[in-house]
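The values are calculated or read from the model by the stated rules, or taken from the named source; none is laboratory data. Not measured: the values here are computed from a predicted model. Here the Cβ positions follow ideal geometry from the backbone for every residue, glycine too, while neighbour counts run over all protein chains shown. In case anyone asks, the SASA skips ligands and DNA or RNA and just uses the protein heavy atoms, side chains included. Shrake-Rupley method; radii C 1.70, N 1.55, O 1.52, S 1.80 Å.
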Amino acid sequence: MNIFAKLGLFIPLILGIYGLPAAARSLAEINKTKELRICIAPTSSGIASASPEGCRDNCKFSGRVYEEALEFAHSLGRDIKPKFLRVTWDEQFHNSKGQTVRDDSYTPELLAAGQCDFYPSSLSINEWRLKKMDFALLHINRMMVIARKDKKNQFKTVADLAGKSAAVTLNSSYHGWLQKMNAGEFQKNPVKIIFKEEADEIFRLIEAGDIDFTVQDAYLAIYATKNSFKKSAVMMPVGPLDEIGWAFRKQDADLRAAAELFFSKQLGKPDGALNLIWEKNFGLSIDKFIVLMR
């Protein structure tokens, strides 16, 4: 037997032992395998929670985004089994080298490799992310400045943020807005930016007086100040009205369209799953939240 024939025998065996990287998956592949791979970045309890601490693919999830993703999986068919993976926020945008390069166009590695079919963790739709992914729009949003209630007199206008300290998540929309302000209006007296992965940790820093403020999405501000962090309050909205959605591989237009159809069937329906999930978590429905943002 020649060497190529021998290799032909051994390659399948080797691949069976060591495996190949998973391939990116379409809706047809999801329907074929009966598995929907959902990657959640639980950066805030207003998004989702995962336990035990440090878990990856064997987490017990809870919270709004987890519940929304379950409903979407069910909408694809009761025989579709959701499989959840915990990821970090910045990891959602990593290239094959484990880096986030905002100006580059590429498919994030988790999506390209088929580890994730989509990201439902309420991503702001912005220019640099659109170079990498497509989005199904869920709702509009405003960013809010949050600080301790007893510092309210220090936060009357956006100019009052200059020179203060803030904590945000790396490569979040809040990080991007602060960078833009530091390069422009705050150039002579920039905000001191500290990076923390989880919003709850950021709120604890605020309430301890270790940082001056944070910037968070309106729905997360509502959740945090309503449920856990009573010393904190919204000071003001900042930045333009933006859009929040789920992110998909650009080639997966069919899966994105399925999410858009799911949203359209839920929004405007008071007893729909999304409205009920938001009512439970935030004290107001997603329909009422959208009206509030407008």
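As a check on your grasp of the helix formula, calculate [θ] at 222 nm for the chain: sum -39500 (n - 2.57) over DSSP H runs of n ≥ 4, divide by the residue count, round to the nearest 500.
-10500 deg cm²/dmol
I'd like the Karplus ³J(HN,Hα) series for segment 257-271: coefficients 6.51, -1.76, 1.60, θ = phi - 60°, whole numbers in Hz, and an x wherever there's a Gly or Pro.
Going residue by residue, I get 5, 5, 5, 4, 5, 4, 4, 4, 6, 8, 5, x, 10, x, 9 Hz, with x marking Gly and Pro.
Show me the GluC sites (Glu not before Pro) within segment 13-115 that DSSP assigns to loop and that have at most 16 other Cβ atoms within 10 Å of their Cβ. Can you show the working numbers first?
Values: sites: Glu29, Glu35, Glu53, Glu67, Glu68, Glu71, Glu91, Glu109; in loops: Glu53.
Answer by residue number: Glu53.
Pull up all non-local amide H partners of Ile38: gap of 5 or more, or a different chain, and H-to-H distance under 5 Å with H placed in the peptide plane.
Here Lys83, Phe84, Leu85, Asp117 satisfy the definition.
What is the angle, in °, between the Cα long axis of helix 273-282 and the longest principal axis of the Cα atoms in the chain? Nearest 10 is fine, range 0 to 90.
So the helix axis and the longest Cα principal axis differ by about 40 degrees.
Can you give me the solvent accessible area of His94 with a 1.4 Å probe, rounded to the nearest 10 Å²?
Accessible surface of His94 is approximately 40 Å².
Out of the trypsin sites (Lys or Arg not before Pro) in segment 115-170, which ones are loop residues according to DSSP with at most 13 other C-beta atoms within 10 Å?
Of the trypsin sites (Lys or Arg not before Pro), the ones in loops of segment 115-170 whose Cβ has at most 13 other Cβ atoms within 10 Å are Lys156.
How far is helix 3-18 tilted off the main Cα axis of the chain, in degrees rounded to 10, range 0 to 90?
Computed tilt is about 40 degrees.
Exactly which trypsin sites (Lys or Arg not before Pro) in segment 181-253 are in a DSSP loop and have at most 12 other Cβ atoms within 10 Å?
Answer by residue number: Lys188, Lys230.
Short version: ³J(HN,Hα) in whole Hz for each residue of segment 240-253, in order, from phi by Karplus 6.51 cos²θ - 1.76 cosθ + 1.60 (θ = phi - 60°), x for Gly and Pro, what are they?
x, 4, 10, 10, 10, x, 9, 10, 9, 4, 4, 6, 9, 4
Which pairs, out of Lys149/Lys180; Lys230/Lys288; Lys83/Lys192; Lys152/Lys269; Lys81/Lys265, put more than 29 Å between their alpha-carbon atoms?
Beyond 29 Å between Cα atoms: Lys83/Lys192; Lys152/Lys269.
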